1. Output the number of the condition that Asp2 fails; it satisfies all remaining conditions of (1) modelled with pLDDT under 95; (2) among the acidic types (Asp, Glu); (3) within 15 Å of the ligand (Cβ to nearest atom).
2. Can you report the number of residues in the stretch 63-95 which are assigned to a helix (DSSP H, G or I) and surrounded by 18 or more Cβ atoms within 10 Å (Cβ to Cβ)?
3. Looking at the stretch 84-111, I want the residues that are among the hydrophobic types (A, V, I, L, M, F, W, C) and have a partner that is open to solvent by 30 Å² or more (accessible area, probe 1.4 Å) with Cβ atoms under 6 Å, at least 6 apart or on another chain. Which pairs are those?
4. Six or more apart or on different chains, Cβ under 6 Å: which pairs go from a residue in the stretch 141-157 that's over 21 Å from Val104 (Cα atoms) and touching a residue at least 60 places away in the same chain (Cβ under 8 Å) to one that's open to solvent by 10 Å² or more (accessible area, probe 1.4 Å) and in a helix (DSSP H, G or I)? Could you list them?
5. For the stretch 115-135, enumerate the residues that are out of contact with any Gly (no Cβ under 6 Å at 6 or more places or on another chain), assigned to a strand (DSSP E or B) and away from the ligand (no atom under 11 Å from the Cβ).
6. Of Leu247, Leu279, which residue is part of a helix (DSSP H, G or I) and under 17 Å from the mean Cα position of the chain (by Cα)?
7. Kindly evaluate Val112 against the criterion of being under 18 Å from Gln172 (Cβ atoms), assigned to a helix (DSSP H, G or I), within 12 Å of the ligand (Cβ to nearest atom) and not basic (Lys, Arg).
Amino acid sequence: MDRQTAIGFIGLGQMGHGMAKNLAEKSKRELYIYDVNPGAVERFSKEYPGVKPASCPEEIAEKASTVITMLPESQHVQNVYQSLSKTIDESSVLIDSSTIEASVARELAENVMSKKAKAFDAPVSGGIIGAEAGTLTFMVGAPSLEGFGAVKPILEWMGRNVVYCGDNGTGQVAKLCNNMLLGISMIGVSEAMLLGTRLGMDPHLLASIINASSGRCWSSDTYNPHPGVIPGAPATRNYTGGFSNKLMAKDLRLAMKAAQQASNNPTLGATAAQIYNELAVTKDFDSLDFSSVYQVNSHNPQGKKTKACFGH
Ligand code: NAD
């Protein structure tokens, strides 16, 4: 057993499963895994019998110098880091890929570095498909450019683009800005597609015009919310799979909190946050893909006001 080269992975959920799978297949390093859900560990161990399940985060940091976390929210990462801090040493390298508050990422990094270990925030874009395929984009906040260089090859086993964003916390800043824009653009594309089709345009033709014009964006050309326009997009399978309204609502909440801390007031970001917060607590919508925001308005043909209705 070589602790210096071993990797520990904590959080084998929708994203973590695919990421750890790529490490198991490509890294040729010893891989230790942990999740509070024993079912997730069991499933992964069956698929990759060579991996070593651990009984707690402390054991992960004891057995592996490099520890990657992929957890739901700030408090989960804070809890796990509290446990990890009991067994890390100066050779430890902690990489958190969860989407959490930038201020929390900075605090965690300070605590880790007070023990002479290294900490990185490395949230991702690319979704479950990118996690499975190993094509994620990593946005990395690092203690130094040199430190970034050391972790880049590890992240490249799971991603196609690994970008240095600056000091600790800046990876989370990049992620929150991207997802705020994504939420806004998805609502915008939904409104444009709905207006056009209500005014008699063929949705496929309208999308092809937008995608060759100045309105084009990822929400229109890759993830169009009108059913059937983009084969394979969640809109073609009743908005199942993909990135849930709940997760988009969380990211927009984080973006709004960060904006408040920076005395910034993004008007459209706040509107998008309100719309997705409502979807996240609306039965039958909470777990649907975030492009299902299109359905809210299309189910509302008379322009009747609903709680979640593009803020109208
Ligand atoms: P998920 O809920 O599917 O997985 C989280 C995993 O963490 C679960 O298996 C859970 O059991 C485990 N966990 C929770 N608390 C734990 C603890 N204390 N110790 C150990 N394990 C614990 O979430 P996900 O969809 O994989 O997302 C993970 C993170 O990635 C989130 O921050 C999310 O915002 C972000 N993200 C998700 C997507 C996506 O498309 N799902 C895309 C980009 C980023």
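1. For Asp2, the failing item is (3).
2. 6
3. Ile88/Lys115; Val93/Lys118; Ala102/Val173; Ala102/Ala258
4. Listed by first residue and then by second, the contacts come to Trp157/Lys26.
5. Passing the criteria: Ala119, Phe120.
6. Criteria check complete, one pass: Leu247.
7. Answer is no for this residue.
The values are calculated or read from the model by the stated rules, or taken from the named source; none is laboratory data. All of these numbers come straight from a predicted model, not from anything done at the bench. Ideal geometry is used to build each Cβ from the backbone, glycine not excepted, and the neighbour counts take in all protein chains shown. Calculation scope for accessible area: heavy atoms of the full protein, side chains included, ligands and nucleic acids excluded. Shrake-Rupley method; radii C 1.70, N 1.55, O 1.52, S 1.80 Å.
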